[in-house]
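Reading through the structure tokens given below for one structure.
All of the numbers you see were taken from the coordinates with simple rules; none came from a lab. All values derive from a computational prediction rather than experimental measurement. Using ideal geometry, Cβ is built from the backbone for each residue, glycine included, and neighbour counts are taken over all protein chains shown.
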């Protein structure tokens, strides 16, 4: 399998079964769900949810082969991509995965060993979902699409939700490549959504006012990975331009916001496809390059 994402959780080896059909992985992410970490992997025809160390396959979605809308003549005209989890206002929890039909599937675990899934959201026009993010405190789901829009939903329950806002990134109708939240536990800063796009630009939005606070042309080429450290207001971005950047967000009392570059690293002229920042200080940054089996780690990044 060629991984196009990377995630920190614990210092232990994973034991994931090989895909029988040898599909490429489109995304990989750890999500916190039902007080446990779950490893979620999206593929072309669905997704798989594993236990924390990857030893147990808990549930999966697989589009049936007779679904002519999903499968084209080439076999995989469509795909699954985008992973997050959400806690709804009524307390329901779900793992969320998107696909290129504009659908967001919610996977719920109502009983100990029983999982169910359903399409919770379908984007108008069936525009392909390219990335997902969520706010736990406000029960918000952010759906990024292939035309540069972010759709913001608020969920009471699985079937009781509303579309609050659709934000146009104004990036020439190019995809929203990645999104991540900055959400401090003490609520000293309003919840912020960080977006990364196809043209190498970072934007930071206040999710209470929907206003854009920061816009930075962070990379010369497509941003392929984005991660954040909410408590430290740190942002990590990586790109096909072979650079990895660590940023520090400063928010003044008048809510004036600046994004400052703290550290920059060049990956020996290799395109970076996945990157993540640890939650412990001093920070470590792990990343991987295209067509490489080596995970590299930068230790002790100071903010």
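Computed from the C-beta positions of residue 55 and residue 221, the FRET efficiency with R₀ = 35 Å rounds to 0.40. Taking all Cα pairs closer than 8 Å and separated by 6 or more residues, the relative contact order of region 133-203 comes to 26 percent. I need the shape label for region 114-262. Rule: rounded when a/c is under 1.5, else prolate if a/b > b/c, else oblate, with a, b, c from the alpha carbon gyration tensor. The shape class here is oblate. Peptide packing: for 239-249, 151-161, the average count of neighbouring Cβ atoms within 10 Å per residue gives the ranking 239-249, 151-161, highest mean first. With the cut-off at 1.5 for a/c, could you classify region 240-300 from its C-alpha gyration tensor as rounded, prolate or oblate? Judged from the Cα gyration tensor, region 240-300 comes out prolate (a/c at least 1.5, a/b above b/c).
Sorting the segments 273-281, 60-68 by their mean number of nearby beta carbons within 10 angstrom, highest to lowest, gives 273-281, 60-68. Ranked by the mean number of other Cβ atoms within 10 Å per residue, highest first, peptides 221-227, 88-94 order as 221-227, 88-94. Here the label points at residue 112 and residue 256, each 7 Å from Cα along the C-beta direction, are separated by 5.8 nm in the simple model. The value of relative contact order for region 166-303, using C-alpha pairs under 8 Å at least six residues apart, is 15 percent. For region 67-131, the calculated P(r) over all alpha carbon pairs, in 5 Å bins from 0 to the bin holding the longest distance, is 4, 16, 23, 22, 16, 10, 5, 2, 0 percent. If you take the beta carbon distance between residue 209 and residue 73 as r and set R0 to 41 Å, what does 1/(1 + (r/R0)^6) give as a FRET efficiency, to the nearest 0.05? After rounding to 0.05, the efficiency reads 0.30. For the chain, a/c is less than 1.5, where a ≥ b ≥ c are the root eigenvalues of the C-alpha gyration tensor. That puts it in the rounded class.
Legend: calculated FRET efficiency, residue 264 to residue 231, from the Cβ-Cβ distance at R0 = 22 Å, rounded to 0.05, equals 0.45.
Computed on the chain, with alpha-carbon pairs under 8 angstrom and 6+ residues apart, the relative contact order is 9 percent.
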